[in-house]
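First comes the structure, then the notes that go with it.
Values quoted throughout were computed directly from the atomic coordinates according to the rules given, and no laboratory measurement underlies them. No experiment lies behind these values; they were computed from the predicted model shown. So basically every Cβ, Gly included, is an ideal-geometry build from the backbone, and we count neighbours across all protein chains shown.
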């Protein structure tokens with residue numbers, strides 16, 4: 001199975017912003033054919049200092065911005081090397097100080113397909129494409145308390161998954177996200193110049209990162225690293241509110257810990273934590289999440305030789321996940 | 001089957017990856033909202049030289065040798081030399097100049113209004129507090145914050161912006177009226193009319209006399225004013241480049257000569273000096289106040305047993321320009337202003353009527369509808385924007401463009417609108433400091449707002465006052481839009497209640513007072529000689 005969670009929401013200044021991103025979307029694991037992994041994640045992201053452009057500051061009129069999200073996620077194996085994934089978060093924001101109103105609501109539906117392009121002995125080369133679409137007309141132009149950006153996105157991603165001895169694994173991923181312009185409620189704003197329109201341009205984004213650590217069917221403990229670079233060069237102006245088209249950049253480190261509980265039919269519990277180390281126009285956020293995931297094999301006529309559940313180590317029968325309900329790895 | 005799917009998947013993956021890559025180029029907007037077609041006025045208003053100016057002046061002040069003396073005859077050697085220069089410039093046209101010609105050919109007053117709204121938005125950010133919890137006061141002597149002021153200048157908040165729009169519009173209007181009078185008096189033809197071998201580039205052949213150049217007048221008067229309103233180095237440079245373009249573009253286009261332009265520039269500067277004399281002495285210098293004066297506002301209300309406004313910011317910020325209510329008005333005298341501004345007192349905070357209004361605010365913010373939030377944000381015009389007066393200039397622009405108004409009529413209509421809104425600001429700020437009324441969030445700290453909470457007293461609503469005044473003036477100027485203007489003013493007013501930052505009485509009081517202020521501008525419009 002997968003971990004669904006993880007650094008789901010990018011902690012953008014408002015955090016808001018976020019594409020809720022299931023970990024499975026950036027890792028090397030596939031669900032076996034005919035298997036569905038579903039899960040739910042709770043995420044909490046907060047910050048009380050941020051970078052106004054490159055200036056590190058606090059703001060006593062917002063205090064701590066906290067974003068919480070509950071995300072539903074699904075991952076289905078069309079084949080052992082071709083998966084479809086979807087996720088949808090419900091997001092809620094609040095400020096601990098000042099008078100600004102928090103926001104909440106369903107955010108963007110993200111869907112993607114993931115395909116294992118090549119497999120050598122220990123290396124999976126994976127490609128993924130997908131996109132996201134706002135599920136409703138939530139308020140975007142209210143950073144840092146908006147729940148999302150209202151942009152439609154299209155992304156392409158490459159993942160390298162390298163399995164090492166002793167159940168160690170290294171995953172590297174990179175994503176290019178094209179974002180559609182956004183229509184907001186007002187007809188004048190200033191970013192790099194004055195605009196007299198309700199349309200805001202949304203620069204594209206690049207995300208890349210990696211993780212390394214123990215990865216097996218039963219256990220997972222990995223360290224993570226993530227980098228986001230938003231194109232363009234629009235910074236929050238001195239003492240201004242953030243704008244949707246700003247350059248939201250960050251460097252973040254964290255961990256993922258997961259365990260499948262045998263007594264609960266291999267229900268997986270995933271904990272993640274991360275911290276933004278440095279950034280531009282984003283909050284110095286601390287993020288943690290907990291997820292529960294479970295997989296189901298929908299195939300009627302299973303044989304003992306075909307994999308069930310997550311294929312943790314492609315080509316390695318000992319790590320492909322449980323082979324049948326009766327033969328779960330111990 | 002499986003192979004087919006697999007192969008197609010690979011192809012699809014490659015195709016989509018390429019697609020993402022292609023769409024990933026440089027981002028831009030197709031329209032930034034400043035697009036203007038070529039200005040082709042339906043009426044040239046060639047009698048505008050007789051229109052009433054705001055500043056007292058006579059034409060003879062400007063016909064002196066040092067400003068706009070009688071021009072050289074078109075048969076003179078000097079003029080023929082100028083014609084030769086025009087021909088050379090037309091022959092030297094390049095893409096950069098063509099772009100400038102197209103830009104300014106959209107209308108000089110409209111362009112400068114856009115530029116001013118852009119600079120208001122750029123500079124409309126509140127100063128950051130000092131380490132000791134006080135706030136720096138922006139200083140025009142140190143606009144770039146190079147000498148330890150602690151913040152840049154200006155903070156073009158709504159009162160500052162209202163004043164900027166008003167003075168620039170008045171100066172442009174007064175200067176154009178004088179230019180129109182001088183054109184009529186001297187009646188010199190444009191170079192393309194003198195020498196038929198000159199074909200205008202992009203622009204239409206002028207219908208007005210050429211001397212002095214109205215574009216150079218606008219460029220000079222506007223630049224001189226705006227560089228004082230927005231004196232940061234980068235802003236002044238930006239303005240200078242725009243000024244130079246507008247000053248020269250009709251020479252590049254073949255329809256103005258150097259002496260047309262130089263005379264226009266001198267006239268623009270001369271009119272600027274007269275309007276600026278009023279600007280310097282209108283009381284704005286005392287609008288900020290001092291700690292002792294701020295304290296006295298609080299004390300006066302508390303001695304009456306009422307709740308005084310206090311800043312909800314951390315650190316508490318001094319009220320925004322609390323003595324702006326004493327600045328000089330345009331369309332009424334001080335007694336009329338004071339009378340209008342204090343004619344409707346707010347509810348006492350210990351009454352049940354007040355509690356009902358407070359509860360109403362909370363009901364709007366506890367479970368805001370998406371529609372109401374859209375209204376709040378459409379009209380917010382808060383920090384970092386061109387402010388509510390800027391928004392009403394934007395609304396007026398559509399009507400001016402549709403009506404294809406001449407430069408001088410456009411200037412007159414912006415002057416009427418913007419003097420009315422500056423009077424509205426003066427009146428509203430007078431009311432605010434007079435009653436010094438607490439915001440809803442001060443009276444009930446569970447009220448969370450859907451837009452930034454303005455840092456000045458609640459009663460009356462500035463948006464309501466601005467909007468009612470603007471709608472009144474625009475309804476007079478564009479009767480066909482009256483229903484729409486009124487509906488927009490009502491919506492702008494209510495947006496502040498929906499947003500949780502004003503009581504209903506603030507909005508209703510502001511609407512009534514704004515209407516009274518707007519009526520005064522309409523009185524002027526009815527007697528300024530304009531048909």
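Which residues among the range B:168-188 fall inside the zone where the amide N is under 11 Å from a point 7 Å beyond the Cα of residue B:44, along Cα→Cβ? Residues passing the 11 Å test: B:184, B:188. Each Cα pair under 8 Å and six or more residues apart adds its sequence gap; the mean of these over the residue count of chain A is a relative contact order of 21 percent.
Per residue of peptide A:264-274, the mean number of Cβ atoms on other chains within 10 Å of the residue Cβ is 0.
Taken along its principal axes, the alpha carbon cloud of the range B:285-525 reaches lengths of 53, 42, 31 Å, longest axis first.
Counting DSSP beta bridges with both partners in chain A, what percentage is antiparallel, nearest 5?
Within chain A, antiparallel bridges account for around 100 percent of the total.
The helix-based estimate of mean residue ellipticity at 222 nm for chain B, built from -39,500 (n - 2.57) per DSSP H run of four or more residues and divided by its residue count, is -19000 deg cm²/dmol to the nearest 500.
Each peptide in A:135-143, A:246-254, B:418-426 receives the mean, over its residues, of other Cβ atoms within 10 Å, and ordering these scores from highest gives B:418-426, A:246-254, A:135-143. Fully extending the segment from residue A:198 to residue A:275 would add 24.3 nm, taking 0.36 nm per residue of separation and subtracting the current Cα-Cα distance.
To the nearest 0.05, what FRET efficiency results for residue B:480 and residue A:214 with a Förster distance of 56 Å applied to their C-beta separation?
Numbers: r = 74 Å, r/R0 = 1.32.
Using R0 = 56 Å, I get an efficiency of 0.15.
With a Förster radius of 45 Å applied to the C-beta separation of residue B:281 and residue B:189, the computed FRET efficiency comes to 0.65. Placing one identical point scatterer on every Cα of the protein assembly as shown and ignoring solvent, what is log10 I(q)/I(0) from the Debye formula at q = 0.05, 0.06, 0.07, 0.11 Å⁻¹? These q points yield log10 I(q)/I(0) values of -0.36, -0.50, -0.65, -1.17. Model label sites at residue B:240 and residue B:351, defined 7 Å from Cα along the beta-carbon direction, differ in position by 5.7 nm.
Full extension of the chain between residue B:444 and residue B:139 yields a length gain of 106.3 nm, computed as 0.36 nm times the residue separation minus the alpha carbon distance. In this calculation the C-beta distance from residue A:90 to residue B:91 is compared with R0 = 41 Å, giving a FRET efficiency of 0.05.
Just check the range A:119-183 against the gyration tensor rule for me: Cα atoms, a ≥ b ≥ c as the square roots of the eigenvalues, rounded for a/c under 1.5, and otherwise prolate or oblate depending on whether a/b exceeds b/c.
It is prolate, given that a/c is not under 1.5 and a/b is the larger ratio.
With the simple spin-label model, which puts each label point 7 Å out from Cα in the Cβ direction, the residue B:370 to residue A:296 separation comes to 3.0 nm.
When the convex hull of its Cα atoms is viewed from all sides, the range A:184-300 shows a mean projected area of 11.2 nm².
Relative contact order for chain B using alpha-carbon pairs under 8 Å, separation at least 6, rounded to a whole percent?
For chain B, the relative contact order is 18 percent.
Spherically averaged projected area of the convex hull of Cα atoms, the range B:48-280: 13.8 nm². Counting only DSSP beta bridges with both residues in the protein assembly as shown, the antiparallel share comes to about 100 percent. Working note: Cα atoms of the range A:23-319, range along each principal axis, descending, whole Å: 64, 32, 30.
Normalised by the number of residues in the range B:323-466, the average gap of Cα pairs under 8 Å and 6 or more apart makes the relative contact order 40 percent. Other protein chain C-beta atoms within 10 Å of residue C-beta, averaged over A:99-110: 3.
In terms of the mean number of neighbouring beta-carbon atoms within 10 Å, the peptides B:440-451, B:485-496 order highest first as B:485-496, B:440-451. Counting every other Cβ atom within 10 Å of each residue's Cβ, B:255, B:217 order from fewest to most as B:255, B:217. When the chain is fully extended, how far beyond the present Cα-Cα distance does residue A:117 get from residue A:56, taking 0.36 nm per residue of separation? Between residue A:117 and residue A:56, full extension yields an extra 17.7 nm. Of the peptides B:157-167, B:83-93, B:311-321, the order by per-residue mean of other Cβ atoms within 10 Å, starting with the highest, comes out as B:157-167, B:311-321, B:83-93. With a 10 Å cut-off around each Cβ of A:193-206, the average count of Cβ atoms from other chains is 5.
Annotation: the residues B:95, B:46, B:333, B:282, sorted from fewest to most other C-beta atoms within 10 Å of their own C-beta, follow the order B:95, B:333, B:46, B:282. Note on residue A:42 and residue B:262: their simple-model spin labels are 8.0 nm apart, each label 7 Å out from Cα toward Cβ. Look at B:96, A:58 and count the other Cβ atoms within 10 Å of each Cβ; fewest to most, that gives B:96, A:58.
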